[in-house]
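For reference, the structure discussed in these notes is given below.
The values are calculated or read from the model by the stated rules, or taken from the named source; none is laboratory data. All values derive from a computational prediction rather than experimental measurement. Ideal geometry is used to build each Cβ from the backbone, glycine not excepted, and the neighbour counts take in all protein chains shown.
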Amino acid sequence: MTRTSTHRLALLLAASLATLFVALALTSARASATPFCNGQTINNNHTCFGAPRTFRFVVGQGTSTGVCVGYNEFPYGGCSSSAGQQAAMDTFSYAFRTPRIIGNSPNNTTVEGAQTF
């Protein structure tokens, strides 16, 4: 192998490793949990929206009634039937969205554990 070929191979290997490290860093950042709306009062007429972010999963629960979680214009992606039960939704891909949680009863409930992954 010539000196130029060896140098090019080393550069290609270094660039590939750098790309791999950047991809791993971005993936692990997206997998971290980010809370939203915790402590807010909601019911079936009052939705709480979190700040827009990149996520795949959204979860949450209410302290005194069930809730539904979703994103953007889809408020009922996943619902729980009663207080303290977690509602969850898998969107099946990471994308930039606005998470939301809404009560599934006219009675008020406090948001607990609402987060995105």
* Asked: Which one is nearest to the chain's Cα centre (by Cα) among residues in the stretch 75-85 that are surrounded by 15 or more Cβ atoms within 10 Å (Cβ to Cβ) and not small (Gly, Ala, Ser)?
  -> PRO75
* Hits in the stretch 68-77 - residues which are in contact with a Gly (Cβ under 9 Å, 6 or more places away or on another chain) and either at pLDDT 95 or above or closer than 12 Å to THR47 by Cβ (or both) -> CYS68, VAL69, GLY70, TYR71, TYR76
